[in-house]
1. Please give the contour-minus-distance gain from residue 4 to residue 73: 0.36 nm per residue of separation, less the Cα-Cα distance, rounded to one decimal in nm.
2. Between the DSSP loop rule and a limit of at most 16 other Cβ atoms within 10 Å, which chymotrypsin sites (Phe, Trp or Tyr not before Pro) in region 22-60 are left?
3. Amide H neighbours of residue 48 under 5 Å, counting only residues 5+ apart in sequence or on other chains, H built in-plane at 1.01 Å?
4. For residue 36 and residue 56 in one chain, what is 0.36 nm times their gap in residues minus the Cα-Cα distance, to one decimal in nm?
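Since every read-out is calculated from the coordinates, none of them should be taken as a lab result. None of the values given here were measured: they were computed from a predicted structure. Cβ coordinates were reconstructed from backbone atoms using ideal geometry, including for glycine residues, and neighbour counts include every protein chain displayed.
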Amino acid sequence: MVRRNFELDILPGPGSETPASERLTLDVAGRLCTPQDVLATGIPWEKAVRPGDYIVFFNCGAYGLSASPVNFLGYPPPVQTLVHTI
């Protein structure tokens with residue numbers, strides 16, 4: 001298996017103020033508690049991330065409904081949301 005970071009962006013959640021500038025290094029993992037459940041490591045980030053913000057992944061493969069193991073370890077099916085920007 002070749003491990004690479006998925007392309008991502010972070011969008012402010014409902015009611016979030018404009019985030020202050022903040023230098024971060026992000027590691028993002030899913031909740032399945034397996035070594036393959038790491039989505040990104042060592043991502044340099046210039047914006048604050050707050051509870052309720054959305055982490056958006058592009059081209060994330062099996063994390064969509066089409067290939068996810070439904071009810072794996074008792075978790076509910078994944079939620080997919082279409083975000084259309086102009």
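1. Result for the pair: 22.4 nm of gain on full extension.
2. 58
3. For residue 48, the qualifying residues are 20, 22.
4. Between residue 36 and residue 56, full extension yields an extra 5.3 nm.
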